Amino acid sequence: MTPYDAPFAQPAPLRSTAGSALTDGLGRKVTYLRLSVTDRCDLRCVYCMAEHMRFLPKAEVLTLEELNRLASVFIDLGVRKVRLTGGEPLMRKGILDLLEYLSGHLASGALDEITLTTNGTQLAKFAPDLARLGLKRINVSMDTLKPDLFRRLTRGGDLTVVQAGIEAARAAGLAVKINAVALARDNRAEIPALIQWSHARGLDITLIETMPMGEIDEDRTDQFLSLAEVRRDLDSFWTLRDLPLNTGGPARYVAVAQTGGRIGFITPMTHNFCEGCNRVRLTCTGTLHTCLGQEDATDLRAVLRGGGSDADVAAAIATGIATKPKGHDFRIDRGAAPSVSRHMSTTGG
Ligand code: SAM
Ligand code: SF4
């Protein structure tokens, strides 16, 4: 067993910094942490990763204890919601140990919600434990209902396994939201069917524009599909009603009269909502990114491994957040380098 995989002891209680809420230079309050627990994944989605990815050496990746310690400092500073992501979070060994500790913050009232974004391949195994540990809802990524296309898009994934995982999550009492990346060539015609599939099961679905993050093997201009166009398509045969629902995230929601369900649109390329952004991201190497679409970074691992106290970590977090960029500047131009060099699997979607 490597230190990376080892179970960990309960960390010492934090020196309380409560009250020093995290507010950036533009007055935006940060209450939401997306925590990438691994850069590894059992799939290789074409828009997310190159086929032959080089993953991080384990020594660079935070141990579960370190992840827990950093998350606890964020929570102590006023973060109310944590989403585990990756890579594939359920591929991280010991993930339930980490969730067990984080769920203590739910019990204490320090945290409102723990949630997860997953590709669903491990859900059949983990769903009951996720529910037991206090998760109420999760996001599952599924871009197509066609097994062959799913295999190609994920470079080898089995759609039936993911759909069985979704059923297991529902059976465990978890609310499931489907995430689907809109791809001009591959799933544009299928988007209404994906929506119907989700709504027939009482699931919300969120559509996502592809973002230019990291080198992949395809040219993103070929696959980019504006959700403004998708919305026009849907408007031509369904009645869509804008909902005031604001989750503090970048999605804007509509209700579909004919299906009775909801669709979220995440449109970083055609319309961003950075002015209301309440989130920051922490990679599995302990790098704080205060904007998904910018290169700004604060190395919290160096503070941790340099023997820094929780107060030192808190100070580094506050300094990083003070300069949170106003917004991202994603552009997809043919042949151009990605706007951000990190892959989505590094930052955590
Ligand atoms: N492995 C998990 C999953 O697939 O749900 C969690 C990590 S994944 C990076 C999080 C989300 O980011 C997924 O819904 C995925 O479809 C999305 N994603 C990955 N690369 C993207 C890109 N370049 N543009 C837009 N969305 C992307
Ligand atoms: Fe893995 Fe998620 Fe990226 Fe697909 S989108 S390769 S499942 S991390």
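On the protein heavy atoms, probe 1.4 angstrom, tell me the percent of accessible surface of segment 26-347 carried by carbon and sulfur. Show your work: numbers first, answer last.
Numbers: 6530 of 12760 Å².
Solvent-exposed carbon and sulfur of segment 26-347 make up 51 percent of the total.
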Under 20 Å from the Cα of K93, which lysines turn up, not counting those fewer than eight places away in the same chain? K58, K125
Using Cα positions and a limit of under 21 Å, work out the lysines in reach of K29, with same-chain residues fewer than 8 apart set aside. K81, K324, K326
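The values are calculated or read from the model by the stated rules, or taken from the named source; none is laboratory data. All figures in this text were calculated on a predicted structure; none of them were measured in a lab. Heads up: the accessible areas ignore ligands, DNA and RNA and are worked out on the full protein's heavy atoms, side chains in. Shrake-Rupley method; radii C 1.70, N 1.55, O 1.52, S 1.80 Å.
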